[in-house]
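First comes the structure, then the notes that go with it.
The values are calculated or read from the model by the stated rules, or taken from the named source; none is laboratory data. Just so it is clear, the structure is predicted and the values come from calculations on it, not from any experiment. Note: ideal-geometry Cβ built from the backbone for every residue, glycine included; neighbour counts use all protein chains shown. With ligands, DNA and RNA removed, areas are computed over all heavy atoms of the protein, side chains included. Shrake-Rupley method; radii C 1.70, N 1.55, O 1.52, S 1.80 Å.
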Amino acid sequence: TPNGQTTMPFITVPENIQALAKDFAEKNKKFVMFCRQGGLSVLKNGDNTRQVPMEHGLLRAYPIDKSEKVVEALTKKGYTVLQVALPEEPHVKGAISLEQEQSMMFYAEISKYAECVITIDSCLMHATINNCKKMIAIWAETDPVGFGYAKAKNLLPHNYHPVAPLLAGIPDTPIIDYVEPDEIISAFDD
(Lines give C-alpha, C1' and ligand atoms only; values in the text may rest on other atoms or scores of the structure.)
Protein backbone atom coordinates (compact mmCIF):
# COMPACT_ATOMS: atom_id res chain seq x y z
CA THR A 1 0.00 0.00 0.00
CA PRO A 2 1.14 3.63 -0.32
CA ASN A 3 1.86 3.75 3.43
CA GLY A 4 4.17 0.71 3.22
CA GLN A 5 1.88 -2.00 4.53
CA THR A 6 1.91 -5.42 2.92
CA THR A 7 -1.46 -7.13 2.71
CA MET A 8 -1.74 -10.74 1.61
CA PRO A 9 -4.90 -12.21 0.10
CA PHE A 10 -6.95 -14.19 2.59
CA ILE A 11 -9.48 -16.86 1.66
CA THR A 12 -12.02 -18.13 4.18
CA VAL A 13 -12.28 -21.89 3.77
CA PRO A 14 -15.33 -23.87 4.92
CA GLU A 15 -14.75 -26.68 7.44
CA ASN A 16 -15.61 -29.45 4.97
CA ILE A 17 -12.86 -28.24 2.58
CA GLN A 18 -10.45 -27.90 5.51
CA ALA A 19 -11.13 -31.56 6.32
CA LEU A 20 -10.55 -32.63 2.69
CA ALA A 21 -7.25 -30.76 2.61
CA LYS A 22 -6.11 -32.29 5.89
CA ASP A 23 -7.00 -35.75 4.57
CA PHE A 24 -4.95 -35.14 1.40
CA ALA A 25 -1.99 -33.97 3.48
CA GLU A 26 -2.16 -37.02 5.75
CA LYS A 27 -2.03 -39.29 2.70
CA ASN A 28 0.72 -37.25 0.99
CA LYS A 29 3.16 -36.35 3.74
CA LYS A 30 5.88 -34.75 1.62
CA PHE A 31 4.45 -32.88 -1.35
CA VAL A 32 4.99 -29.84 -3.54
CA MET A 33 2.27 -28.02 -5.48
CA PHE A 34 3.16 -27.10 -9.08
CA CYS A 35 1.23 -24.95 -11.55
CA ARG A 36 2.76 -24.44 -14.99
CA GLN A 37 -0.21 -22.94 -16.84
CA GLY A 38 -3.04 -20.58 -16.00
CA GLY A 39 -5.49 -18.13 -17.42
CA LEU A 40 -7.98 -20.74 -18.54
CA SER A 41 -11.65 -20.20 -17.96
CA VAL A 42 -13.21 -22.45 -15.36
CA LEU A 43 -16.53 -22.04 -17.20
CA LYS A 44 -17.62 -24.90 -19.42
CA ASN A 45 -19.33 -24.91 -22.81
CA GLY A 46 -22.87 -26.23 -23.24
CA ASP A 47 -21.46 -29.71 -23.92
CA ASN A 48 -19.59 -29.64 -20.54
CA THR A 49 -16.16 -29.14 -22.15
CA ARG A 50 -13.62 -26.32 -22.08
CA GLN A 51 -11.42 -25.15 -24.89
CA VAL A 52 -7.78 -24.80 -23.85
CA PRO A 53 -6.63 -21.64 -25.64
CA MET A 54 -3.19 -21.09 -27.07
CA GLU A 55 -1.38 -18.30 -25.25
CA HIS A 56 -0.86 -15.17 -27.29
CA GLY A 57 -0.19 -11.59 -26.35
CA LEU A 58 0.68 -12.43 -22.74
CA LEU A 59 2.84 -15.49 -22.20
CA ARG A 60 2.93 -17.16 -18.79
CA ALA A 61 2.89 -20.95 -19.29
CA TYR A 62 6.11 -22.65 -18.22
CA PRO A 63 7.19 -25.06 -20.98
CA ILE A 64 6.12 -28.69 -20.55
CA ASP A 65 9.63 -30.11 -21.18
CA LYS A 66 11.13 -27.87 -18.48
CA SER A 67 8.20 -28.72 -16.19
CA GLU A 68 8.95 -32.42 -16.52
CA LYS A 69 12.58 -31.79 -15.49
CA VAL A 70 11.41 -29.89 -12.40
CA VAL A 71 9.06 -32.72 -11.45
CA GLU A 72 11.76 -35.34 -12.06
CA ALA A 73 14.24 -33.48 -9.81
CA LEU A 74 11.70 -33.05 -7.01
CA THR A 75 10.66 -36.70 -7.27
CA LYS A 76 14.31 -37.76 -6.93
CA LYS A 77 14.41 -35.73 -3.71
CA GLY A 78 11.50 -37.79 -2.39
CA TYR A 79 8.64 -35.35 -2.98
CA THR A 80 5.26 -36.06 -4.49
CA VAL A 81 4.43 -33.29 -6.98
CA LEU A 82 0.78 -32.30 -7.21
CA GLN A 83 0.10 -30.60 -10.53
CA VAL A 84 -2.57 -27.96 -10.07
CA ALA A 85 -4.34 -27.83 -13.41
CA LEU A 86 -7.68 -28.07 -15.10
CA PRO A 87 -8.40 -31.50 -16.60
CA GLU A 88 -8.02 -30.10 -20.14
CA GLU A 89 -4.45 -28.92 -19.55
CA PRO A 90 -1.46 -31.07 -20.52
CA HIS A 91 -0.35 -33.41 -17.75
CA VAL A 92 3.26 -33.16 -16.58
CA LYS A 93 4.88 -36.60 -16.62
CA GLY A 94 5.71 -37.76 -13.09
CA ALA A 95 3.28 -35.42 -11.32
CA ILE A 96 0.04 -36.51 -9.72
CA SER A 97 -3.22 -34.71 -10.30
CA LEU A 98 -6.55 -34.87 -8.54
CA GLU A 99 -9.23 -36.97 -10.17
CA GLN A 100 -11.92 -34.47 -9.32
CA GLU A 101 -11.56 -30.79 -10.13
CA GLN A 102 -11.17 -28.70 -6.97
CA SER A 103 -11.82 -25.08 -6.05
CA MET A 104 -9.13 -22.53 -5.24
CA MET A 105 -10.36 -22.71 -1.62
CA PHE A 106 -9.15 -26.31 -1.54
CA TYR A 107 -5.76 -25.41 -3.04
CA ALA A 108 -5.40 -22.46 -0.65
CA GLU A 109 -6.01 -24.84 2.26
CA ILE A 110 -3.67 -27.65 1.16
CA SER A 111 -0.92 -25.11 0.52
CA LYS A 112 -0.58 -24.93 4.32
CA TYR A 113 0.69 -28.52 4.24
CA ALA A 114 2.83 -28.34 1.09
CA GLU A 115 6.59 -28.03 1.39
CA CYS A 116 6.47 -25.44 -1.40
CA VAL A 117 4.18 -23.95 -4.03
CA ILE A 118 5.90 -23.56 -7.41
CA THR A 119 3.73 -21.55 -9.74
CA ILE A 120 3.55 -19.11 -12.59
CA ASP A 121 1.74 -15.79 -12.09
CA SER A 122 -1.70 -17.34 -11.69
CA CYS A 123 -4.73 -17.64 -9.48
CA LEU A 124 -2.81 -20.28 -7.51
CA MET A 125 -0.10 -17.75 -6.69
CA HIS A 126 -2.60 -15.26 -5.30
CA ALA A 127 -4.75 -17.88 -3.52
CA THR A 128 -1.88 -19.64 -1.73
CA ILE A 129 0.69 -16.92 -0.95
CA ASN A 130 -0.81 -16.19 2.47
CA ASN A 131 -0.86 -19.83 3.60
CA CYS A 132 2.14 -21.50 2.04
CA LYS A 133 5.45 -22.14 3.80
CA LYS A 134 7.45 -21.26 0.70
CA MET A 135 6.63 -20.08 -2.82
CA ILE A 136 8.65 -19.99 -6.00
CA ALA A 137 7.02 -17.78 -8.62
CA ILE A 138 8.09 -18.33 -12.24
CA TRP A 139 7.62 -15.15 -14.26
CA ALA A 140 7.41 -14.64 -18.02
CA GLU A 141 5.67 -11.57 -19.48
CA THR A 142 4.03 -10.39 -16.28
CA ASP A 143 6.01 -8.64 -13.59
CA PRO A 144 6.33 -9.31 -9.83
CA VAL A 145 6.45 -5.56 -9.18
CA GLY A 146 2.83 -5.20 -10.23
CA PHE A 147 1.47 -8.65 -9.54
CA GLY A 148 3.75 -10.52 -7.15
CA TYR A 149 4.64 -10.72 -3.50
CA ALA A 150 7.86 -10.14 -1.58
CA LYS A 151 7.25 -13.42 0.30
CA ALA A 152 7.81 -15.41 -2.91
CA LYS A 153 11.15 -16.29 -4.42
CA ASN A 154 10.52 -14.51 -7.73
CA LEU A 155 12.36 -16.03 -10.72
CA LEU A 156 12.42 -13.72 -13.72
CA PRO A 157 13.00 -14.73 -17.34
CA HIS A 158 16.41 -14.09 -18.85
CA ASN A 159 16.99 -11.60 -21.67
CA TYR A 160 13.35 -10.53 -21.81
CA HIS A 161 12.65 -6.98 -22.95
CA PRO A 162 8.96 -6.00 -23.28
CA VAL A 163 7.92 -4.42 -26.56
CA ALA A 164 4.46 -3.30 -25.38
CA PRO A 165 2.89 -2.24 -22.10
CA LEU A 166 1.81 -5.33 -20.18
CA LEU A 167 -1.90 -6.13 -20.16
CA ALA A 168 -2.51 -3.38 -22.73
CA GLY A 169 -3.97 -5.74 -25.34
CA ILE A 170 -0.97 -5.27 -27.60
CA PRO A 171 0.91 -8.51 -28.35
CA ASP A 172 4.32 -8.63 -26.72
CA THR A 173 7.42 -10.46 -27.93
CA PRO A 174 6.82 -14.21 -28.25
CA ILE A 175 10.44 -14.91 -27.30
CA ILE A 176 10.83 -15.69 -23.62
CA ASP A 177 13.98 -17.18 -22.17
CA TYR A 178 12.33 -18.90 -19.19
CA VAL A 179 14.31 -19.79 -16.08
CA GLU A 180 15.86 -23.23 -16.23
CA PRO A 181 14.68 -26.16 -14.10
CA ASP A 182 17.95 -26.17 -12.15
CA GLU A 183 17.30 -22.53 -11.15
CA ILE A 184 13.91 -23.56 -9.77
CA ILE A 185 15.45 -26.49 -7.87
CA SER A 186 18.19 -24.22 -6.51
CA ALA A 187 15.53 -21.78 -5.25
CA PHE A 188 13.65 -24.73 -3.75
CA ASP A 189 16.77 -25.88 -1.89
CA ASP A 190 17.51 -22.35 -0.67
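Among the protein heavy atoms, those of E68 account for about 60 Å² of accessible surface (1.4 Å probe, every chain in place).
P(r) for the range 56-143, from all Cα pairs and a bin width of 5 Å, is 3, 13, 23, 26, 23, 10, 1, 0 %, short bins first. Computed from the C-beta positions of D23 and K133, the FRET efficiency with R₀ = 25 Å rounds to 0.85.
Across the range 101-106, rounded Karplus estimates of 3J(HN,Hα) from the backbone phi angles (6.51 cos²θ - 1.76 cosθ + 1.60, θ = phi - 60°) give 4, 10, 7, 5, 4, 5 Hz, Gly and Pro being marked x. The trypsin sites (Lys or Arg not before Pro) of the range 111-152 that meet both conditions, a loop assignment by DSSP and at most 15 other Cβ atoms within 10 Å of the site Cβ, are K133, K151.
The heavy atoms of E109 offer some 10 square angstrom of accessible surface to a 1.4 angstrom probe. Residues in the range 12-25 carry Karplus couplings, in order, of 7, 10, x, 4, 5, 6, 4, 5, 4, 5, 5, 5, 4, 5 Hz; the curve used is 6.51 cos²θ - 1.76 cosθ + 1.60 with θ = phi - 60°, and Gly or Pro positions show x. Counting only heavy atoms of the protein chains and using a 1.4 Å probe, V13 has close to 20 Å² of accessible surface.
Relative to the current alpha-carbon distance between S186 and I64, full extension at 0.36 nm per residue lengthens the span by 42.0 nm.
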